[in-house]
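Chemist: Pasting a structure below so you can have a look.
The values are calculated or read from the model by the stated rules, or taken from the named source; none is laboratory data. Because the structure is predicted, anything quoted here is derived from the model rather than measured. No Cβ is skipped: glycine too gets one built from the backbone with ideal geometry, and neighbour counts run over all protein chains shown.
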Amino acid sequence: MPSKIYVVPVWPVKHEYLKFVQRAIHRAFGLESVIKNRGIHADEAHDAFRDQYLASSILIKLNSLPPPKDAVKIIGITNADIFEPVFEYLFGEAQLDGLCVIVSAFRLHNRLYGLPEDKDFLFDRLYKEVVHELGHAFSLIHCFAPMCVMNPSTYIEQIDSKSREFCTSCQRELDLALAQYRQS
């Protein structure tokens, strides 16, 4: 039975981000996670005109590889600047109830907003985005409870203003979705 969330580097990415994501997954979802290099590079999704990386192309690549037998979900982590044509940029992308998600740390850095780098802010934002996108993969939709981690984030201030936690309603839905995996 599936029981693990796989953390897949989508190069370029720092190893410390992958290790942090492993801990975040365990804390938020109570599932084991494994870092597994699948040889995915963001360059394969590069858009020369925008000088960014098409998130849906990365998701297609993640989904095209046979998943490990014990995979509940697969999360790609990158430091590439991802986008979709209707958005200037994205922090992450997921399909509702899909197998794979992608999260980028690129726009989570303070330096993009004229502020001094702060690793605590970076990791807090990364945590929230990982939990948010995996929440979608576990069938959670956007929530409009202001502090819920499933509240949508178009701008960095929206990530900073919400909590790392699910609201009561989203947590209840998540617990139902996770019940089958936690029993094993």
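Chemist: Any chance you could count how many residues in the range 130-174 are without any contact (Cβ under 8 Å) to a residue 24 or more places away in the chain and in a helix (DSSP H, G or I)?
Modeler: 6
Chemist: Somewhere in the range 38-60, is a residue under 27 Å from Ser3 (Cα atoms), surrounded by fewer than 20 Cβ atoms within 10 Å (Cβ to Cβ), of a type in the set (Lys, Arg) and free of Cβ contacts under 8 Å to residues at least 40 places away in the same chain?
Modeler: Yes, the range 38-60 contains at least one residue that is under 27 Å from Ser3 (Cα atoms), surrounded by fewer than 20 Cβ atoms within 10 Å (Cβ to Cβ), of a type in the set (Lys, Arg) and free of Cβ contacts under 8 Å to residues at least 40 places away in the same chain.
Chemist: Take the residues in the range 175-184 that are touching a residue at least 40 places away in the same chain (Cβ under 8 Å) and within 18 Å of Ala24 (Cα to Cα), then tell me which one is surrounded by the most Cβ atoms within 10 Å (Cβ to Cβ).
Modeler: Filtering first and then ranking leaves Tyr181.
Chemist: Which is out of contact with any Leu (no Cβ under 6 Å at 6 or more places or on another chain) and among the aliphatic types (A, V, I, L, M), of Ala137, Ala105?
Modeler: Ala137
Chemist: Can I ask one more? Mind checking which residues of the range 27-60 are assigned to a helix (DSSP H, G or I), among the hydrophobic types (A, V, I, L, M, F, W, C) and in contact with a helix residue (DSSP H, G or I) (Cβ under 6 Å, 6 or more places away or on another chain)?
Modeler: Ala28, Ala45, Ile58
Chemist: Would you check if Ile74 is within 18 Å of Ala24 (Cα to Cα), touching a residue at least 40 places away in the same chain (Cβ under 8 Å) and either among the basic types (Lys, Arg) or out of contact with any strand residue (DSSP E or B) (no Cβ under 7 Å at 6 or more places or on another chain) (or both)? Reasoning before the result, please.
Modeler: Values: within 18 Å of Ala24 (Cα to Cα): yes; touching a residue at least 40 places away in the same chain (Cβ under 8 Å): yes; either among the basic types (Lys, Arg) or out of contact with any strand residue (DSSP E or B) (no Cβ under 7 Å at 6 or more places or on another chain) (or both): no.
Criteria not met by Ile74.
Chemist: Another one. Would you pick out the residues in the range 75-95 that are within 13 Å of the chain's Cα centre (by Cα) and either within 22 Å of Phe138 (Cβ to Cβ) or surrounded by fewer than 14 Cβ atoms within 10 Å (Cβ to Cβ) (or both)?
Modeler: Ile75, Gly76, Ile77, Thr78, Ile82, Leu90, Phe91, Gly92, Glu93, Ala94, Gln95
Chemist: Would you please name the residue that is nearest to Ala42 (Cα to Cα), looking only at residues in the range 125-151 that are touching a helix residue (DSSP H, G or I) at 6+ places or on another chain (Cβ under 8 Å) and either modelled with pLDDT under 95 or among the charged types (D, E, K, R) (or both)?
Modeler: This residue is Glu129.
Chemist: Is the range 73-80 home to any residue that is in a loop (DSSP other than H, G, I, E, B), closer than 20 Å to Ser153 by Cα and modelled with pLDDT of 95 or more?
Modeler: Checked the range 73-80: at least one residue is in a loop (DSSP other than H, G, I, E, B), closer than 20 Å to Ser153 by Cα and modelled with pLDDT of 95 or more.
Chemist: Next up: Identify, from the list Val72, Val101, the residue that is within 22 Å of Leu122 (Cβ to Cβ) and surrounded by 15 or more Cβ atoms within 10 Å (Cβ to Cβ).
Modeler: That would be Val101, the only listed residue that is within 22 Å of Leu122 (Cβ to Cβ) and surrounded by 15 or more Cβ atoms within 10 Å (Cβ to Cβ).
Chemist: Could you list, ordered by first residue, the pairs with Cβ atoms under 7 Å in which the first is in the range 85-107 and on the phi > 0 side of the Ramachandran plot and the second is of a type in the set (S, T, N, Q) and in a loop (DSSP other than H, G, I, E, B), at least 6 apart or interchain?
Modeler: Close Cβ pairs satisfying both conditions: Asp97/Ser139.
Chemist: Can you name the residue in the range 12-26 that is in contact (Cβ under 8 Å) with a residue 60 or more places away in the chain and in a helix (DSSP H, G or I) and is also farthest from Tyr181 (Cα to Cα) among such residues?
Modeler: By that ranking, first place goes to Tyr17.
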